[in-house]
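In what follows, a structure is listed as structure tokens, so that the remarks can point back to it.
All of the numbers you see were taken from the coordinates with simple rules; none came from a lab. Just so we're clear, the structure is a prediction, and the values are computed from it rather than from any experiment.
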Amino acid sequence: MAQSELHLKKVFHDAFRHFGGGRRRFIPDIDVIEVRFYPYAGLHHTIRVRAGRVYVRISDLLRIAPPEVIRAISFLLVARLVSRKAPSEHEQVYRSFAFTPEVLRASDIARRQRGRKMISTSTGRIYDLEKLFRKLNRKHFDDSLQMPTLTWSRRRARSILGHHDAAHDTITISKMLDSPEVPEWFVEYILFHEMLHIKHTARIIKGRRYYHTPAFRAEERSYPRYEQAQKWLDRVIRRRHELRARAA
């Protein structure tokens, strides 16, 4: 067994001992802990228990991480598994590494190269996303935004009506909105929200990534029918599906 692999097992074993097994009172022997770096499509980590064995998969982007970051992610993963709260310093250490420009850039590259993006079509039964994008770009952005890949979702997503994926340069709009019951101005609002994500990129503040910055929110409220859109969300979608419909 390589020394590095043994070190990883010891780090996770220490984390289990720290939490005392949590509510499950589960402190596995070091021999049943398996820790491997895995080529996930981004900065993703998992921990699972199967038949008394612990399987940990850490994004291979953390191969270059210093020991304190590996220790931090071990405490965060074990805490989640045993339903305990990890010491705040571990989250701070992890975020200070994970949200550096170098790691974020590597994560985006991994998502583009390893991840799969489900693309259907921009032309719906009722609405054409490309046509709406050009209209909004001309009216609100002075034609300054380059058109990304636009697609209707394959499923009628109810909880997330729109999503901008910077890694794949894609905007996905819920197929649920491609309906004669949904007014065009509301579809435009959801698309406008996602277009703002292109203009206002995420900011890293104290180790956290913020997508909806004050500048983002201020410009979002400039949408001519913003208040009406919020009321439409409350009155129709949230009531109909008993879920909080939102643009992400």
Radius ratio Rg over Rh of the chain, counting only Cα atoms, Kirkwood formula for Rh: 1.06
Return the calculated 222 nm mean residue ellipticity for the chain, to the nearest 500 deg cm²/dmol, obtained by summing -39500 (n - 2.57) across DSSP H runs with n ≥ 4 and dividing by the residue count. -12500 deg cm²/dmol
Name the long-range amide H neighbours of residue 42: under 5 Å, sequence gap of 5 or more, or other chain; modelled H, no Pro or chain starts. 111
Over the range 116-207 - Rg/Rh using Cα atoms and the Kirkwood inverse-distance radius: 0.97
For the chain, built as a Gaussian network whose Cα springs stay under 10 Å, the top-fluctuating residue of 82, 187, 103: 82
How large is ³J(HN,Hα) for each residue in the range 72-81, as worked out from phi by the Karplus curve 6.51 cos²θ - 1.76 cosθ + 1.60 (θ = phi - 60°), to whole Hz, x for Gly and Pro? 4, 5, 5, 5, 5, 5, 5, 4, 5, 5
Pairwise centroid distance, computed over Cα atoms, of the range 165-180 with the range 81-124, Å: 20
Only Cα pairs under 8 Å and at least 6 apart count here; give the relative contact order of the range 1-141 as a rounded whole percent. 21
